[in-house]
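Notes follow the structure.
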Amino acid sequence: MLLAAVAAVGAKREDYLGEWLAPKWGDFSRGLLGAAGFFGLAWAFARAVTPVGSPREIWLVSLYSQIGDPRVLQLHAPAVGAAIALVALAEELLWRGTVTQLIAERVGSRSAWVWSAALYALVYVPTMWALRTGAGINPLLVVAALAGGLLWGAMARAFGRLAPSILAHALFDWTVLMMFPLWGAGAHG
């Protein structure tokens with residue numbers, strides 16, 4: 001959050017913040033489509049890579065055990081929603097905004113969003129050991145961060161601002177945490 005606050009101040013000073021966050025017609029639809037598409041990919045990935053009964057299913061079990069029971073989270077939906085929105089805003093400002101802009105100044109804007117996505121995934125590498133199980137290290141958050149970083153970065157590049165990617169990020173997180181978890185009772189029913 002501190003880095004995101006610094007990124008927001010820097011973006012405001014450089015006159016990027018207003019451009020990045022300015023809402024435009026179609027942002028919600030674009031965000032919803034991005035979230036739905038990413039959820040479809042995550043659901044297919046979970047079914048293919050971590051199917052029920054496989055040794056890799058424990059990867060999802062360990063991840064959701066850290067997150068908590070969706071039924072408990074649902075009891076606190078307003079607070080969870082606010083936290084999700086704040087985290088999505090912070091991560092998008094930092095990674096798809098400031099980091100991408102800094103990289104673009106060095107390598108050009110055509111590939112900056114890809115480099116930013118790779119760095120975003122790299123930040124999640126320690127979770128592979130933090131969530132490790134008897135089945136070994138757990139790469140799920142790194143894979144999710146790379147896929148999300150690529151999608152949200154592509155959205156930011158295509159639309160020239162962050163509002164659609166912020167919405168897609170927040171809606172995706174809400175979906176996998178509160179509505180349709182990728183593992184557990186709600187995932188198979």
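The values are calculated or read from the model by the stated rules, or taken from the named source; none is laboratory data. Because the structure is predicted, anything quoted here is derived from the model rather than measured. Methodologically, a virtual Cβ is constructed for each residue, glycine included, from the backbone with ideal geometry; neighbour enumeration extends over all protein chains shown. Heads up: the accessible areas ignore ligands, DNA and RNA and are worked out on the full protein's heavy atoms, side chains in. Shrake-Rupley method; radii C 1.70, N 1.55, O 1.52, S 1.80 Å.
Checked against (1) more than 17 Å from the chain's Cα centre (by Cα); (2) touching a residue at least 40 places away in the same chain (Cβ under 8 Å); (3) open to solvent by less than 50 Å² (accessible area, probe 1.4 Å), PRO55 passes all but a single condition, namely (3). Within the set LEU162, LEU140, LEU182, LEU167, the sole residue that is crowded, with 22+ Cβ neighbours inside 10 Å and over 26 Å from GLY26 (Cβ atoms) turns out to be LEU140. Among residues of region 11-56 being part of a helix (DSSP H, G or I) and among the charged types (D, E, K, R), the one that is farthest from MET155 (Cα to Cα) is ARG47.
Is it fair to say LEU75 is open to solvent by 60 Å² or more (accessible area, probe 1.4 Å), aliphatic (A, V, I, L, M) and farther than 14 Å from PHE172 by Cβ?
On the way: open to solvent by 60 Å² or more (accessible area, probe 1.4 Å): yes; aliphatic (A, V, I, L, M): yes; farther than 14 Å from PHE172 by Cβ: yes.
In short, yes.
Considering region 96-110, the residues that are closer than 20 Å to ALA147 by Cα and open to solvent by 40 Å² or more (accessible area, probe 1.4 Å) include one that is nearest to the chain's Cα centre (by Cα), namely GLN101. Output the residues belonging to region 150-167 that are out of contact with any Asp or Glu (no Cβ under 9 Å at 6 or more places or on another chain) and in contact (Cβ under 8 Å) with a residue 40 or more places away in the chain. Once the filter is applied, which keeps residues that are out of contact with any Asp or Glu (no Cβ under 9 Å at 6 or more places or on another chain) and in contact (Cβ under 8 Å) with a residue 40 or more places away in the chain, region 150-167 yields LEU151, GLY153, ALA154, MET155, ARG157. What pairs come up if the first residue lies in region 123-134 and is free of Cβ contacts under 8 Å to residues at least 60 places away in the same chain, the second is part of a helix (DSSP H, G or I) and open to solvent by 30 Å² or more (accessible area, probe 1.4 Å), and their beta carbons are under 6 Å apart, counting only those six or more places apart or on different chains? So the pair list comes out as TYR124/LEU141; THR127/LEU141. Cβ separations smaller than 9 Å between residues 6+ apart or across chains give the following pairs from region 83-110 residues that are closer than 18 Å to LEU21 by Cβ to residues that are open to solvent by 40 Å² or more (accessible area, probe 1.4 Å) and outside any helix (DSSP H, G or I): LEU86/MET1; VAL87/MET1; ALA90/MET1; GLY97/TYR16; THR98/TYR16; GLN101/GLU14; GLN101/TYR16. Scanning region 85-140 for residues that are among the basic types (Lys, Arg) and either closer than 24 Å to SER54 by Cα or in contact with a Gly (Cβ under 6 Å, 6 or more places away or on another chain) (or both) returns ARG96, ARG132. Out of all the residues in region 117-132, is one or more surrounded by 18 or more Cβ atoms within 10 Å (Cβ to Cβ), closer than 21 Å to LEU33 by Cβ and of a type in the set (Gly, Ala, Ser)? The answer is yes; a qualifying residue exists.
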